[in-house]
Structure formats: structure tokens, C-alpha cells
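Since the structure comes first, as C-alpha cells, the remarks are kept for the end.
Computed from the coordinates by the stated procedures, all read-outs in this text should not be read as laboratory data. Note that the coordinates shown come from a computational prediction; the quantities given were computed from them, not determined experimentally. Note: ideal-geometry Cβ built from the backbone for every residue, glycine included; neighbour counts use all protein chains shown.
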């Protein structure tokens, strides 16, 4: 019988490294549940796992679409469940890893989604703030963050198509697979510091040149990703490069905070482990010890 292990937590806590370690321990294959890892482009800003880091472990739902292509959470649910069901049929152990809570929900829970039609409502011309204002007109208590463009668009489109409002009662928490959830966390200040350092490292690795190349290609999904969104404003002459960099750091920190809040409020039975940044092997050993005790 397949063992399914889900790894969640905020950015910069070591989810990718833990997924590799557990995949080796359990001879498992890995399914990505991060909305930014599906894109084929290199995307320095997404901290995408490299071929070297994969250590020859099969990875699924990574590098499957271009930034120029439409790919909804409905599409992810359909495709990822096909992969998951196929691995289960083959009696493979499975590690699911990612920071996108809605992708995890769509994959593993009774989360009903509707396919978007080819003549879908186009909201691309609106800024995030304009979308937030539109969402607030639908329901001022929607609690959607202004930077969560994907969720804002989904919320508005759903209302325009159905006349209904997406509420928490629509987000059913019924599991449709049997899995164990491992959460990685760390002190908030340490996560924020690492988020800032990660942004500096991305710029050192050529983020600006890569972003300019993508900007010039006018990819429709370019501004949905933290890093490119802020640099888009810089390329448009609205802010300075230093302002874009600081906005990127701020938005990355806010994203990490939202991830923590989402997982703690939307998921049950997460077993949390503190990331030991000085010796990550300690964290790996703690998680494996716990999983062995559960067998």
C-alpha cells in the first residue's frame, strides 16, 4: 500500500531538501504542489529545484507549462490527481511538497472546482488594487490579500459567472486520500531574514537579466509571481530598482506569513517540526523518527 507524505510550511524552511531526503528513505516519487514550479522557464524568482538537487528522484507536476499558457487550479487538480492515482495503482510511495495551500487542497481534499471556459473573463488589465476593490464590492469581508492576484481573480470570476460568493463553507475539508502531513516552521524573525537573503541571492544569480528577458516576451503570467511582479513595475518606470527589491523582500515576507496562517487554519493534524538551519540533518532525522513510530 502506498505511503503518502505531505510536506507543508512557509517558504525558506527546507521543504525541498526534506522531500528529497524522505523520497530516498522511502523509495518514493515526488509530486509538486507549488503553483510557480509548474512553469518551464528557469524562473530564478521561484527558487525552482535544479536537476542536480533532484538527485535522480522522479518529480511530477514540474516544468509542464510555459508562462505564456493558461493553467488553472482546476487543470492542476485534474492532472495532479491523475499522477497521484497512477502512482497509487503502482504501489509507489509518494511525497507531496509545496507552498501553495490551495494546490494542496485541490489535490488531496474534496475541493470542487469548475473548469474555466475558453471565453473566460479577462481581468488582466486591472491592477491588484483594482481587483481588491472589485472583490470588496462583492463582499467587504472577503479577507483576500491584495497581493493574492490568483485568488482575487478566481473570486471575482466565480461571482460574475454564478452570481454567488465563494465562502469558506465551499472549501470542504474532507480528505479523499490517506496521508500524513509534516509541517516545517521556524521563528518568524529567522524566516524573514532568510527571505531577505534569498532575494539578495536571486539578484546575485542574475534575476534582473532573466526578468527583463521574460518582460520583453510579454508573458501573461509574468506578474503573478513575486519578484517579476515588482520588477515589472521597475521596467515600466513606476519605481526604482532599489524600491522593487525592497518590495520583493516585503512581499516575500508577507507571503511566508500568509502561508503559516493558511496551514494553521485550513489544515488539521499537521505535525510541526522546527527547521534546524545549523544542521538540517537533525530535522530530517526527527521527521524520519516520527514517521517510523507511526508505522
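Taking 30 Å as R0, compute the FRET efficiency from the Cβ-Cβ separation of residue 174 and residue 137 and round it to 0.05. Walk me through the numbers before you get to the answer.
Numbers: r = 31 Å, r/R0 = 1.05.
So the FRET efficiency works out to roughly 0.45.
Take the alpha carbon gyration tensor of the stretch 12-145, find the square roots of its eigenvalues, order them as a ≥ b ≥ c, and report rounded if a/c is under 1.5; if not, report prolate when a/b exceeds b/c, else oblate.
Since a/c reaches 1.5 and a/b is larger than b/c, the shape of the stretch 12-145 is classed as prolate.
What residues from the stretch 124-146 fall in the zone where the backbone N is under 18 Å from a label point 7 Å along the Cα-to-C-beta line of residue 164?
138-139, 142
Given axes a ≥ b ≥ c from the Cα gyration tensor, I'd like to know whether the chain is rounded (a/c under 1.5), prolate (a/b larger than b/c) or oblate.
Verdict is oblate for the chain.
Counting only C-alpha contacts under 8 Å and six or more residues apart, can you give the relative contact order of the stretch 3-78 as a whole percent?
30
Under a 10 Å cutoff between Cα atoms, tell me which one of 121, 30, 95 has the largest fluctuation in the Gaussian network model of the chain.
121
Let me check against my output: what whole-number percent is the relative contact order of the chain, with C-alpha pairs under 8 Å and at least 6 apart?
Dividing the mean separation by the residue count of the chain yields 26 percent.
Place the peptides 146-152, 205-211 in order of packing, highest mean first, counting for every residue the other Cβ atoms within 10 Å and averaging per peptide.
146-152, 205-211
Based on DSSP H runs of at least 4 residues, each adding -39500 (n - 2.57), what is the mean residue ellipticity at 222 nm of the chain after dividing by all its residues, to the nearest 500 deg cm²/dmol?
-15000 deg cm²/dmol
Just check the stretch 168-295 against the gyration tensor rule for me: Cα atoms, a ≥ b ≥ c as the square roots of the eigenvalues, rounded for a/c under 1.5, and otherwise prolate or oblate depending on whether a/b exceeds b/c. Provide the component values of the computation, followed by the final result.
Values: a/c = 2.58, a/b = 1.73, b/c = 1.49.
Cα axes put the stretch 168-295 in the prolate bin.
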